[in-house]
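See below for the structure under consideration.
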2 protein chains.
Amino acid sequence: MDKFKVTFLPDNKTVEVERHRTVLAAAISCGIYINSACGGDGVCGKCKIILRKGVLSSPASGMLSEDETEKNYYLACLASFESDAVIEVPQESRIDLEAPKSPERGEQAEEIRIPEGNGARHEKLLPLCEKMYLQLPAPTAQDNISDLDRVYREMDKTGKITSPTTALVNVRTLPRLLRDSEWKVTVTIARRRTRSEILAFEPGDTHAKSFGIAFDIGTTTVSGQLIDLKSGAVLGTKAAYNRQAAYGPDIITRIIYSQKREGLKTLHDAVTDTLNLIIEGFTREFSIDLNTITCVFIAGNTTMMHLLMQVDPRHIRRDPYVPAFNSFPGVRAQEVGIFINPRGLLYIAAGISSYVGGDVTAGILACGMDTAKELCLLIDIGTNGEIVLGNSEFLIATSASAGPAFEGSGQSCGMRSASGAVQKVKITGKTIELDRIENAAPRGLCGSGYISAVAQMFARGILDKNGKLVPEASDRVRPTSEGLEFVLCRKGEMDAARDIVITEADIENIKRAKAAIYAAVSILVRKMSFSIRDIKKIFVAGGFGTSLDIDAAIAIGLLPDADRAVYSFVGNSSLTGARQMLLSQELYRVSGHVAGKTTYLELSGDHEYMDEYTAALFFPHTDIDRFPSLKR
Amino acid sequence: MDKFKVTFLPDNKTVEVERHRTVLAAAISCGIYINSACGGDGVCGKCKIILRKGVLSSPASGMLSEDETEKNYYLACLASFESDAVIEVPQESRIDLEAPKSPERGEQAEEIRIPEGNGARHEKLLPLCEKMYLQLPAPTAQDNISDLDRVYREMDKTGKITSPTTALVNVRTLPRLLRDSEWKVTVTIARRRTRSEILAFEPGDTHAKSFGIAFDIGTTTVSGQLIDLKSGAVLGTKAAYNRQAAYGPDIITRIIYSQKREGLKTLHDAVTDTLNLIIEGFTREFSIDLNTITCVFIAGNTTMMHLLMQVDPRHIRRDPYVPAFNSFPGVRAQEVGIFINPRGLLYIAAGISSYVGGDVTAGILACGMDTAKELCLLIDIGTNGEIVLGNSEFLIATSASAGPAFEGSGQSCGMRSASGAVQKVKITGKTIELDRIENAAPRGLCGSGYISAVAQMFARGILDKNGKLVPEASDRVRPTSEGLEFVLCRKGEMDAARDIVITEADIENIKRAKAAIYAAVSILVRKMSFSIRDIKKIFVAGGFGTSLDIDAAIAIGLLPDADRAVYSFVGNSSLTGARQMLLSQELYRVSGHVAGKTTYLELSGDHEYMDEYTAALFFPHTDIDRFPSLKR
């Protein structure tokens, strides 16, 4: 295969490309994003570029005027290289260069650490998108089926492909590409419901370079994993705060904001900016060409999915709480403003109801609850806390608004579970030991750090059952203009760059959050006529840190006082489930059924729930009999 | 449902529209075609219009600059009416107004008459596109599934819909549309392989207005039928010469032309212009809103399909004769430049090989050959003649280049089978009787007229077996600068506006055409080790006229001398088959298998074929023993 040297102006970036690579793909591969609204179908005409030197070949298009053709304009998505070339990309053909689409200068997605989820599932590796290298027999008089049928026939031999289709734009380039590559091509195949779509044809063997990204879009935090689709390996995990947080801390305030003029678009852009920031982080860190990322799988709550898809979420918060959609077949990622391969697809996890989304479906799958014989409970602690009870026979779910405290957001020294996050605290007399991620200098507390710290402070009498600090109990309690605060780590200790403190306001947030979760668990279990003792497995999920001290979580009254052996901490189960679905067509298929069979229990306006919540606004609870192990 | 008065500028056309109609749909309904390259997905931003008066509502779009938003620009595909309005459609948002896209001034598609095909097929009426009126129950606390699932659930009750999907743009408008229409909506559903796509949602009950068009694209003639998808009735049939004819009379010259710079695009535009001309003829004659035409089904030979899809056909004429594709799933008609409902679909009949296309598949189905027990022969007489032999057990096909003489093209007084076409001739002594379509004043001869005239002239000795005119035999034979000609009708006779003549050059064209067809039939039957007597049914197809005199066709040596009882004239079987597939999902499904199982026999370079052809260049044939009934 010939290789050409191509320079893009005015960026003056040079890249080596194979013959037949489109100008669009070449530009993307060196980080120049050309507008291609139609996903490279050649119909929108937005990707005009100018050939300054060299030779391009291109099918004719009605999108260029005679004048433009004379001036050497081409459509980047249709034109391919025949020689070394110099290409000018005019300003109007670029994606919003100055606007919010591109990450703010210097902002970076952070690498995060999460524990691997429960490994109950062992699905066969059969990703929703995959590449396949085909060596086709050249046509003969005895074997002169069409070019497209020749590709389909070879794919069919694998037994993995049903009802293949492809876009017209690919058929238009196929005859030449097949012959110039001497019948050796790589196809990128995507699973779309009952059929397979060939997203792209590439000359030669490129099947080793095939990547996907799984995302969990939380109200507060967006986490992503870069996946090697060939091996199923996780190459990296990164997170960033959801930029929507600037427009409201929870889903209700976001929905309200979406009703403002341009509000829906603003929120949509905020979340896609966040996703693109994480993607950019991966491409930079792993030196990956954006073209090689061919699919994205996203799990998130129902409101997040509406905002992502730019669908009006207003009816989610109006009685009788109806979402516009719960599931959606694969759409072109580009159509939603996510920049990967221009023809790459976006899949979302099927949701259950307005307040229990696809993140919960993903969590159920990740924990294997849908196939479990014994009674299981999933407690997913996020800004919206979701609780699921059930097994292979039934599944019932509810949700409770907890606020972002456990994600380290809205707290004076809160942070994500990244390097330097305090995730465990031990207070012995005047000594405080801080367990930090990667043993780095402490930068703040992640969710598990708050849980551990509050439990320790309570145990040492530094905190009373109302959540107030007791100055007499420690010389680390000090007054500020805002009230009392506890100094967990002084600037300079363990190389800390600043004082790390926990304020009474922080503790109040933790108390409310844990009360909302605990009350929802209690009500759900009671309404189904079970008791906590009936539950054989409790999965605790959330983006707290790499570990969670279950004893501490029980000690503060966040989790019910069950036998410690039934508990397991599964980390971000939504992200794990999203990754598993990305890697398994079968699991993706099953996920729709699981979402469909999960019942939703509405707690808003439920008096019992309100009573439970109020009773839980103490450490650990007003009714200490509920926590027999603490009582002892 | 509220109705608003909307005026478009600068056309100054006013139309009444319902609330929620998009500006794009309203414009199309009064004949203003706005560019919507992406098919109304809201992603290409080509359909910008300016609101001059009134109120529009629209989801936000990233396609408009702040400046444009301030100047009241909207995207026509996203904006809908909230009041009476005045809309300006800027020049740049219109489809090529001055260029070849719109029919030439005054040119009109002609209504044509064709006999109905063999009625062997009685498939259940289940069109590829259909409308369904749904009265949805309003959501309640007990029944609060998502809006989209509510629609799917109601569709599912019909038992006709599998795996429904719809585009993001439809989901974006759905919540509001459902509530404003009080949960009464009409969905337009299209069948795309293994799934159903909801193309559009409309408020209220519009299911009575649902149309499709079946087309046969011939090398010379394009014929279309307007179909009421609700009843399956044919509302009208029109034809026009394929505008590609200006670039070459047959597929080989067209393929050569396609290799010129912009040649492929020129040929593509020529055929879509022809299709749009016919569509325009229907909408004008039947006062049909273009939006109500939701699908188009096209059958045509393989080269025509490549040019239609703008796919390079060069390998069709290069050994080993490989097309780029034989079949294609439904694509958006707009993407190919066919103007119907912007989201409407284009289906094509699956082809068999480079020289036997989907028109033949359609013909096989229309004649019921694929289910026949007895041995059948289909002779489709067009510019490319195609012959199929077989039954339910096997099917074998070949093709022969006949030229356009039987379609009335390239002949001095040739015409389509429209009003005034001579389709039968009787010569008795000095008297000539002319049977004209609709008994109108004679305007020329259609294919069946030439066959009848040549047979009569030969029988009366006006023509010798070499195809030369015999001046002594009739005073209607006269010399011209180009050679001899026979005056079939003098100007003024039967109100003829001009002399209607048959020249020796016309007869030479007929002779070559009939020899090509006859030779192909002979070779195919012989290669399969049958004789003509083994064949129990012979279907003669083609766009000749409303009837064909089989005796005359045998007399000139076009058709083999079989028992007259086995013959039936089936008219344009390609068009009939296209219509039948448009109206039957089952038949469309079957068509792929039929195309796949039909074997192609290549005649080019076959010495036997060349010998047969040369021997057939006489009236009726050099070997009179082949025509025993004529000998007697």
Restricting attention to the stretch B:445-482, the residues that are buried (at least 24 other Cβ atoms within 10 Å of the Cβ), not aliphatic (A, V, I, L, M) and not in a loop (DSSP other than H, G, I, E, B) number exactly 5
Condition check: assigned to a helix (DSSP H, G or I) and within 29 Å of residue B:192 (Cα to Cα). Does residue B:275 satisfy that? yes
Note on the stretch B:172-212: residues of a type in the set (S, T, N, Q), in a strand (DSSP E or B) and over 29 Å from residue B:285 (Cβ atoms) are B:196
Of those in the stretch A:605-632 that are in a loop (DSSP other than H, G, I, E, B) and touching a residue at least 24 places away in the same chain (Cβ under 8 Å), the residue nearest to residue A:328 (Cα to Cα) is A:606
Hey, residue B:397 away from chain A (no Cβ under 12 Å) and surrounded by fewer than 24 Cβ atoms within 10 Å (Cβ to Cβ) or not: no
* Looking at residue B:455, is it assigned by TED's automatic domain parsing to the domain that holds residue B:559 and among the aliphatic types (A, V, I, L, M)? -> no
Scanning the stretch B:132-150 for residues that are polar (S, T, N, Q) and under 29 Å from residue A:606 (Cα atoms), the one farthest from the other protein chains (Cβ to nearest Cβ) turns out to be B:142
When (1) more than 25 Å from residue A:221 (Cβ to Cβ); (2) touching an Asp or Glu at 6+ places or on another chain (Cβ under 8 Å); (3) of a type in the set (A, V, I, L, M, F, W, C) are applied to residue A:505, the one that fails is (1)
Scanning the stretch A:38-57 residue by residue, those more than 37 Å from the chain's Cα centre (by Cα) and either of a type in the set (Gly, Ala, Ser) or buried (at least 18 other Cβ atoms within 10 Å of the Cβ) (or both) turn out to be A:51, A:54, A:56, A:57
Of those in the stretch B:589-603 that are within 14 Å of chain A (Cβ to nearest Cβ) and part of a helix (DSSP H, G or I), the residue nearest to residue B:191 (Cα to Cα) is B:589
Taking the stretch A:221-268 and keeping residues within 28 Å of residue A:312 (Cβ to Cβ), surrounded by fewer than 24 Cβ atoms within 10 Å (Cβ to Cβ) and basic (Lys, Arg) leaves A:243, A:260, A:261, A:265
Filtering the stretch A:17-37 down to residues that are surrounded by 24 or more Cβ atoms within 10 Å (Cβ to Cβ), within 14 Å of another protein chain (Cβ to nearest Cβ) and at pLDDT 75 or above yields none
How many residues of the stretch A:331-372 are in a loop (DSSP other than H, G, I, E, B), in contact with a Cys (Cβ under 8 Å, 6 or more places away or on another chain) and either charged (D, E, K, R) or closer than 21 Å to residue A:585 by Cβ (or both)? The answer is 2
Residue hits (the stretch B:418-436; part of a strand (DSSP E or B), farther than 18 Å from residue B:460 by Cα and not charged (D, E, K, R)) are B:421, B:422, B:423
Flagged in the stretch B:58-68 as surrounded by 15 or more Cβ atoms within 10 Å (Cβ to Cβ) and of a type in the set (Ser, Thr, Tyr), in numbering order, are B:58, B:61
Here the residues within the stretch A:131-143 that are crowded, with 19+ Cβ neighbours inside 10 Å and in contact with a Ser or Thr (Cβ under 8 Å, 6 or more places away or on another chain) are A:131, A:134
Filter the stretch B:483-531 for residues that are in contact with a helix residue (DSSP H, G or I) (Cβ under 8 Å, 6 or more places away or on another chain) and part of a strand (DSSP E or B); the one that is farthest from residue B:626 (Cα to Cα) is B:483
message = One residue is enough: does the stretch B:269-290 have a residue meeting the conditions crowded, with 23+ Cβ neighbours inside 10 Å and without any contact (Cβ under 8 Å) to a residue 60 or more places away in the chain?
response = yes
Residue in the stretch A:483-497 that is outside the structural domain of residue A:430 (by TED's automatic domain parsing), buried (at least 23 other Cβ atoms within 10 Å of the Cβ) and not small (Gly, Ala, Ser) present = no
Going by what's in this entry, would residue B:319 be described as more than 18 Å from residue B:212 (Cα to Cα) and in contact (Cβ under 8 Å) with a residue 60 or more places away in the chain? no
Exception for residue B:266 within (1) in contact with a helix residue (DSSP H, G or I) (Cβ under 8 Å, 6 or more places away or on another chain); (2) at pLDDT below 95; (3) within 14 Å of another protein chain (Cβ to nearest Cβ); (4) assigned to a loop (DSSP other than H, G, I, E, B) falls at (4)
Picked from the stretch B:180-197 (must be out of contact with any Gly (no Cβ under 8 Å at 6 or more places or on another chain), surrounded by fewer than 22 Cβ atoms within 10 Å (Cβ to Cβ) and at pLDDT 95 or above), the residue farthest from the other protein chains (Cβ to nearest Cβ) is B:182
(Q) Given the criteria within 17 Å of residue B:507 (Cα to Cα), among the acidic types (Asp, Glu) and crowded, with 24+ Cβ neighbours inside 10 Å, does residue B:386 qualify? (A) no
Pairs returned, first residue in the stretch B:39-66 that is modelled with pLDDT of 85 or more, second residue that is surrounded by fewer than 19 Cβ atoms within 10 Å (Cβ to Cβ) and among the aliphatic types (A, V, I, L, M), beta-carbon separation under 7 angstrom, 6 or more apart or interchain, are B:52/B:9; B:52/B:86; B:53/B:86; B:54/B:86
Considering residues that are within 8 Å of another protein chain (Cβ to nearest Cβ) and crowded, with 18+ Cβ neighbours inside 10 Å, the number found within the stretch A:151-166 is 1
Residue A:380: passes all of (1) acidic (Asp, Glu); (2) surrounded by 24 or more Cβ atoms within 10 Å (Cβ to Cβ); (3) without any contact (Cβ under 8 Å) to a residue 60 or more places away in the chain but (3)
By residue number, the members of the stretch A:298-324 that are part of a helix (DSSP H, G or I) and either surrounded by fewer than 21 Cβ atoms within 10 Å (Cβ to Cβ) or within 7 Å of another protein chain (Cβ to nearest Cβ) (or both) are A:309, A:314, A:315, A:317
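The values are calculated or read from the model by the stated rules, or taken from the named source; none is laboratory data. Values in this document were obtained by computation on a predicted structure and should not be read as measured data. Ideal geometry is used to build each Cβ from the backbone, glycine not excepted, and the neighbour counts take in all protein chains shown.
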